[in-house]
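Just so you know, all these numbers are worked out from the coordinates, no wet-lab data involved. Please read these numbers as outputs of a predicted model, since none were measured by experiment. Cβ placement follows ideal geometry from the backbone for every residue including glycine, while neighbour counts extend to all protein chains displayed.
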Amino acid sequence: MLAYRHAFHAGNHADVLKHLTLQLVLRHMNLKPKGYRLIDTHAGAGGYSLEGRYAQKKGEFEQGVMRLLERAANGETLPAAIAEYVNLVRSFNGGGALEQYPGSPAFAQQLLRPQDQLRAFELHPTDYKILSAYLGGRKGAEAHHADGFDALKGQLPPPTRRAVVLMDPSYEGTADYPRVVSALRSGLERFAEAVCIVWYPQVTKLEAARLPQRLQSLADASAPKGWLHARLTVQQPDAQGFGLAGSGLFIINPPHTLHDELLQVLPWLTDVLGQFDGANFLLEHKGK
């Protein structure tokens, strides 16, 4: 797991879906004046150079965030949520050309208010150092060189009893899949009302296929506000069945507005980010 560097994948289609959804959730949380705590269990470096050798190796951002920026540059009217996402990316670049991509802590820093808190966890020593330097001295923000799975239950419930959890491990092997479920189960036992956003890759692994069902069972038993499942499929696996076909998000206790907001943008993202004729999306939810 410590070999994983998100810089290789920064700004790809999965990041677009993940960070757009995080943006929508945080905007909803901001509608109430009381502060909340965002717990980012696998925070990464905070931001990534798109001109460095990692991002340039496969250029995944070219089939992700770059496609959205090109549509905006060509004068296309973007859906409102997409337009805000694009503006946040531009703001991270100082309003200039796309040279860096913001990680989830950077999106959070643009959206959190003075009364809100960020607790970011990262195990990779190099990424942690970059993250710590990025967040250093920012009021309410803390970077921790620790395992986010283990740390989660100690962060819940926060004093304000409002919390968002973002969990997006690398899933490089198979161990992360059961740890996601275990950590969330423990966290929800301490604070059942937490909004939990779980990202997962759409790959040809049995564990990946089963994860949404396991999370649905957990939410049905533990979450007072139900669940939402969104998935965006943009490409086909290679001839051997390998490759990232797309990604999904499972949100426990989602904001009541999130389903309709994603329904407005997922067809557009499917059209813009799709790399084959069979590109598609899935959106399902269950309220309580």
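Here the range 130-278 has an Rg and Dmax of 16.8, 51 Å, counting Cα atoms alone. Sites count as exposed loop sites when they are chymotrypsin sites (Phe, Trp or Tyr not before Pro), lie in a DSSP loop, and have at most 14 other Cβ atoms within 10 angstrom; the longest stretch of the chain without one is 1-241.
Would you please give the FRET efficiency between Lys57 and Arg190, computed as 1/(1 + (r/R0)^6) with r the Cβ-Cβ distance and R0 = 35 Å, to the nearest 0.05? Walk me through the numbers before you get to the answer.
Numbers: r = 40 Å, r/R0 = 1.16.
E between Lys57 and Arg190, to the nearest 0.05, is 0.30.
Report summary: the helix-based calculation at 222 nm, which adds -39500 (n - 2.57) for every DSSP H run with n ≥ 4 and divides by the residues of the chain, gives -12500 deg cm²/dmol. Inter-part distance, the range 161-190 to the range 69-120, computed on C-alpha centroids, equals 25 Å.
Counted over all Cα-Cα pairs of the range 105-148, pairs farther apart than 14 Å make up 43 percent. Checking every one of the GluC sites (Glu not before Pro) in the range 84-175 against DSSP loop status and a limit of 16 other Cβ atoms within 10 Å picks out Glu99, Glu172.
Report the antiparallel proportion of the DSSP beta bridges in the chain as a percent, rounded to a multiple of 5. Numbers along the way, then the final one.
Details: 24 of 40 bridges.
In the chain, approximately 60 percent of DSSP beta bridges are antiparallel ones.
Label positions at His285 and Gln110, each projected 7 Å from the Cα along the C-beta direction, are separated by 2.4 nm. Spatially, the range 23-59 and the range 196-255 are offset by 19 Å when compared through their Cα centroids.
Suppose R0 equals 25 Å. What FRET efficiency, 1/(1 + (r/R0)^6) with r the Cβ-Cβ distance, do Phe276 and Ser49 give to the nearest 0.05?
E between Phe276 and Ser49, to the nearest 0.05, is 0.30.
A dipole drawn for the range 6-286 from +1 and -1 charges on Cβ atoms has a positive end, and of Ala230, Val65, Val198 the residue lying farthest that way is Val198. Within the range 110-189, the trypsin sites (Lys or Arg not before Pro) that combine a DSSP coil assignment with at most 10 other C-beta atoms in a 10 angstrom radius are Lys139.
Place a label point 7 angstrom from the Cα of Arg161 along the Cα-to-Cβ direction, then list the residues of the range 244-288 whose backbone nitrogen is under 20 Å away. Within reach of a label on Arg161: 253-256, 288. With q set to 0.07, 0.13, 0.14, 0.17 Å⁻¹, the log10 of I(q)/I(0) for the range 6-286, from the Debye formula over equal scatterers at the Cα positions, is -0.22, -0.85, -1.01, -1.60. Which whole-number percent is the relative contact order of the chain (Cα, under 8 Å, 6+ apart)? Computed value for the chain: 21 percent relative contact order. Around the Cα centre of the range 6-286, unit charges on the Cβ atoms of Lys, Arg, Asp and Glu (plus for the first two, minus for the last two) sum to a dipole of about 920 debye.
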